[in-house]
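Have a look at this one.
Here, each number is a calculation from the coordinates, and none is a lab measurement. This structure is a prediction, so every number in the text was calculated from the model and none was measured. For neighbour counting, all protein chains shown are included, and Cβ atoms are generated from backbone atoms with ideal geometry for every residue, glycine included.
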Amino acid sequence: MKKILRIVIILFITALVVIQFFQPEKNQGEMTGDHLFEVTDVPEDIKTLLKTSCLDCHSNQTKYRWYNHIAPASWLVNSHVVNGKEELNLSEWGNMDVLEKISALDKMCEEVEDGKMPLKSYKLMYPGARLSEEQKALLCEWTGKLSEELLTEMEE
Ligand code: HEC
């Protein structure tokens, strides 16, 4: 019995070591002029909120912590980043057309109000990313205001 246990532990450790060789590409692109913060004058409090709660998965610049580099955690992070960016990539703001932007802003507020964003697992890992009712209201106020500005620009 003891021998079997020892074999199981050795196999487990070997597997953990082997999977480290299969690492997804890191999401660490250059900050370009198309980033939301470069294209639009975003208030500091909204910038901080987005940086703390959204940009790890919705931009080309994920802030990795040391344990994010270890498989299988790195696989999970990568899948969140890939799927998150597919829906919304704030590093590509400059390349989106006005209607895309307005729809994105609308969804950002909605997802946050519904408590769907940031993802639950992320909030568990980073309690600081959890948004208070006040912060949610602040974000929605900003998305609403920017949408209106974009609409007015479109009509001009
Ligand atoms: C841990 C990664 C992660 C974080 C942090 C995160 N998201 Fe997401 N987001 C995703 C993933 C993955 C999807 C796509 C799958 C889904 O909807 O669950 C997504 C989808 C979305 C969508 C599209 C939803 C739809 O159905 O069209 C919006 C909008 C969004 N997120 C906004 C936000 C905002 C705003 C924040 C910050 C308050 C945020 N997300 C934080 C991973 C994340």
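Which far-off residues, 5 or more places away or on another chain, put their amide H under 5 Å from the one on Thr40, with H placed in the peptide plane?
Under 5 Å from the amide H of Thr40: no residue qualifies.
Through the Karplus equation 6.51 cos²θ - 1.76 cosθ + 1.60, θ set to phi - 60°, convert the phi angles of region 113-128 into ³J(HN,Hα) values in whole Hz; use x for Gly and Pro.
Computed from phi, the couplings for region 113-128 are 5, 6, x, 7, 10, x, 3, 4, 4, 5, 5, 5, 6, 10, x, x Hz.
Angle check, please: helix 44-53 long axis (alpha carbons) against the longest principal axis of the chain (alpha carbons), in degrees 0 to 90, nearest 10.
The angle comes out near 30 degrees.
Tell me, Kirkwood radius of region 60-156 from alpha-carbon pair distances, in Å?
The Cα-based Kirkwood calculation yields 15.1 Å.
Normalised by the number of residues in the chain, what is the relative contact order in percent for Cα pairs under 8 Å and 6+ residues apart?
25 percent
Can you list the cysteines of the chain that have no other Cys Cβ under 4.7 Å away?
Result for the chain is Cys54, Cys57, no neighbouring Cys Cβ within the cutoff.
Find, among the GluC sites (Glu not before Pro) in region 2-95, those assigned to loop by DSSP (not H, G, I, E, B) with at most 10 other beta-carbon atoms within 10 angstrom.
Loop-located and lightly packed - Glu25, Glu30.
Ok, one more. Using the Karplus curve 6.51 cos²θ - 1.76 cosθ + 1.60 with θ = phi - 60°, work out ³J(HN,Hα) for each residue of region 100-111 in order, rounded to whole Hz, and write x for Gly and Pro.
4, 5, 4, 5, 5, 5, 4, 5, 4, 5, 4, 4
Show me, for region 82-95, the HN-Hα J-couplings you get by feeding each phi into the Karplus relation (A = 6.51, B = -1.76, C = 1.60, θ = phi - 60°), rounded to Hz, glycine and proline as x.
4, 6, x, 5, 5, 7, 7, 10, 6, 6, 10, 3, x, 9
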